[in-house]
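Data first, discussion second: the structure below is written as structure tokens.
The values are calculated or read from the model by the stated rules, or taken from the named source; none is laboratory data. None of the values given here were measured: they were computed from a predicted structure. With ideal geometry, Cβ positions are generated from the backbone for all residues, glycine too; neighbour counts draw on all protein chains shown.
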2 protein chains.
Amino acid sequence: MFTEQEKQAVYKVIGARRDVRSFLTQPLPDGAVQRILKAAHYGPSVGFMQPWNFILVTSTEVKERLAWAAEKERKALSIHYEGERAEQFLHLKVQGIQEAPLTVCVTCDPTRGGSHVLGRNSIPETDIMSTACAIQNMWLASCAEGIAMGWVSFYKKNDVRDILGLPPHIDPVALLSLGYTDQYPVAPILETEKWEKRRELDTLIYYNKWGGTA
Amino acid sequence: MFTEQEKQAVYKVIGARRDVRSFLTQPLPDGAVQRILKAAHYGPSVGFMQPWNFILVTSTEVKERLAWAAEKERKALSIHYEGERAEQFLHLKVQGIQEAPLTVCVTCDPTRGGSHVLGRNSIPETDIMSTACAIQNMWLASCAEGIAMGWVSFYKKNDVRDILGLPPHIDPVALLSLGYTDQYPVAPILETEKWEKRRELDTLIYYNKWGGTA
């Protein structure tokens, strides 16, 4: 059972979690990193398959190569935007891999647990959804620890496979940068930068069928 | 900033969250359901695309049809297990859709935000991963509210599309049952039922490359 104070803390961390792109280089305490990884490991997984691995990158050389892969993808994507949107895009900071003291590559092994993982047999992508739930736990735990986290999703998976020596069947689902920051956003950066607005929750809720009203 | 007590509450909910399959029929307070949905909507999403919708199913008829789709899939999957594993499988309760007062179908609209969603352009499955993060927020919020939740992933997506009238491009990523329970599991059900064990976290952590040690 949760007290009212504990419940409020849970909602506080859910509301305060932000995707951060600017970090201080100050190293992170080992204890906090271990607690954040344990939070990930206590995420749910279909058929209890626990498909995740965590590659902790602190090597300057490896971080530089990951940043290169992300920057290369950013340049490639920028070609798709035109006019005002292109200017907005170029203004966005999409990653802070080199500044952040730690980058965690979270991977998903679709073969873990064998050929007939309960639930994954019906919906194969439940393995990456499980991994995403673990990442959300990391994000909330980081936020509660006062540590900022950013999820980089600008890269070609095969670049990351090459850089980190991943076997071909291992899916690098996320590059997460973690560190302290002096620029913690009060609202989502893409909202502040007028890239996208938060939708009204009421418009996203239906009843008993698609489009159904209460 | 989070106090030590608030931090402990966040870790408490992450550790206490369980996938639940047995529910009481007692209805849920509207306020709690709204807070849980708001927690989902405060999940992260690639390019702030917010690809989710929430279909709240309380109609007995619709719940019966969803339970039928899940049961049909359970029977189909059971064919793939043999011997002791088959007996274990048949013993597992895979869903409680009919008992639970509320089932939420969480959907993902891969077209939301237009053709060039930031980040999704590089990794298209970031849309369902975003939706999974929203679901993890719901799970933690439910747990803090004293409400049990179960994620059913046994169904053919087109059955759920038919039952709920979803447009063909809308992905029904999860059926979530919510309700009170008098059978809250202390450990994951699949661990208690000796279906799978929790892995040692240390064996899942690498440093700077796949297989790398500290």
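Can B:Leu118 be described as in contact with a Ser or Thr (Cβ under 9 Å, 6 or more places away or on another chain), at the interface with another protein chain (Cβ under 10 Å from one of its Cβ atoms) and modelled with pLDDT under 95? Yes: the conditions hold for B:Leu118. Summed over region B:121-142, the residues that are more than 11 Å from B:Pro51 (Cβ to Cβ), more than 7 Å from chain A (Cβ to nearest Cβ) and of a type in the set (S, T, N, Q) give a count of 1.
All of B:Val106, B:Val94 fail the test of being of a type in the set (Val, Ile, Thr), part of a loop (DSSP other than H, G, I, E, B) and closer than 27 Å to B:Leu178 by Cβ, apart from B:Val94.
Hey, can you tell me all the residues within region A:121-154 that are touching a Gly at 6+ places or on another chain (Cβ under 7 Å) and modelled with pLDDT under 95? Hits for region A:121-154 are A:Ser153, A:Phe154. On inspection, A:Ala69 qualifies as part of a helix (DSSP H, G or I) and touching a residue at least 24 places away in the same chain (Cβ under 8 Å). If you go through region A:48-89 and pick out every residue that is in contact with a Lys or Arg (Cβ under 6 Å, 6 or more places away or on another chain) and either more than 26 Å from B:Asn121 (Cα to Cα) or small (Gly, Ala, Ser) (or both), you end up with 2. Applying the set (1) farther than 29 Å from A:Thr107 by Cα; (2) charged (D, E, K, R); (3) surrounded by fewer than 19 Cβ atoms within 10 Å (Cβ to Cβ) to B:Arg85 leaves exactly one unmet item: (1). For region A:89-106, residues that are more than 24 Å from A:Gln34 (Cβ to Cβ), surrounded by 17 or more Cβ atoms within 10 Å (Cβ to Cβ) and within 10 Å of another protein chain (Cβ to nearest Cβ) total 2.
Does region B:77-87 include one or more residues that are in contact (Cβ under 8 Å) with a residue 60 or more places away in the chain, more than 30 Å from B:Asp30 (Cα to Cα) and more than 10 Å from chain A (Cβ to nearest Cβ)? Among the residues of region B:77-87, not one is in contact (Cβ under 8 Å) with a residue 60 or more places away in the chain, more than 30 Å from B:Asp30 (Cα to Cα) and more than 10 Å from chain A (Cβ to nearest Cβ), which makes the answer no. The residue that is nearest to B:Pro27 (Cα to Cα), among those in region B:45-62 that are in a loop (DSSP other than H, G, I, E, B) and more than 19 Å from the chain's Cα centre (by Cα), is B:Ser59. Restricting region B:143-154 to residues that are touching a Ser or Thr at 6+ places or on another chain (Cβ under 9 Å) and among the hydrophobic types (A, V, I, L, M, F, W, C), the residue that is farthest from the other protein chains (Cβ to nearest Cβ) is B:Ala148. In region B:188-214, the residues that are in contact (Cβ under 8 Å) with a residue 40 or more places away in the chain form no Cβ pair under 8 Å with any partner that is assigned to a helix (DSSP H, G or I) and among the acidic types (Asp, Glu), whether six or more places apart or across chains. Residues that are outside any loop (DSSP other than H, G, I, E, B), within 12 Å of chain A (Cβ to nearest Cβ) and surrounded by fewer than 19 Cβ atoms within 10 Å (Cβ to Cβ): does region B:36-44 have at least one? The answer is yes, given that some residue of region B:36-44 is outside any loop (DSSP other than H, G, I, E, B), within 12 Å of chain A (Cβ to nearest Cβ) and surrounded by fewer than 19 Cβ atoms within 10 Å (Cβ to Cβ). Among the residues of region B:3-35, those identified as of a type in the set (Asp, Glu), under 24 Å from A:Ala141 (Cα atoms) and in a helix (DSSP H, G or I) are B:Glu4, B:Glu6. Among residues of region B:54-65 that are more than 18 Å from B:Phe23 (Cα to Cα) and in contact (Cβ under 8 Å) with a residue 24 or more places away in the chain, those with a beta-carbon under 8 Å from a residue that is among the aromatic types (Phe, Trp, Tyr) and outside any helix (DSSP H, G or I) at least six positions away or on a different chain give the pairs B:Phe54/A:Tyr206; B:Ile55/A:Tyr206; B:Ile55/A:Tyr207; B:Ile55/A:Trp210. When we screen B:Val33, B:Val57 for residues that are surrounded by 19 or more Cβ atoms within 10 Å (Cβ to Cβ), under 15 Å from B:Ala100 (Cα atoms) and either more than 9 Å from chain A (Cβ to nearest Cβ) or of a type in the set (Phe, Trp, Tyr) (or both), the only hit is B:Val33. Number of residues in region A:155-176 that are more than 10 Å from every other protein chain (Cβ to nearest Cβ) and either more than 20 Å from B:Tyr42 (Cα to Cα) or among the acidic types (Asp, Glu) (or both) equals 7.
Anything in region B:160-214 that is of a type in the set (Ser, Thr, Tyr), over 26 Å from B:Cys143 (Cβ atoms) and out of contact with any Phe, Trp or Tyr (no Cβ under 9 Å at 6 or more places or on another chain)? List them, or say none. Once the filter is applied, which keeps residues that are of a type in the set (Ser, Thr, Tyr), over 26 Å from B:Cys143 (Cβ atoms) and out of contact with any Phe, Trp or Tyr (no Cβ under 9 Å at 6 or more places or on another chain), region B:160-214 yields B:Thr203, B:Tyr207. A:Leu190 meets all of the listed conditions (1) under 20 Å from A:Glu71 (Cβ atoms); (2) more than 8 Å from every other protein chain (Cβ to nearest Cβ); (3) hydrophobic (A, V, I, L, M, F, W, C) but one, namely (2).
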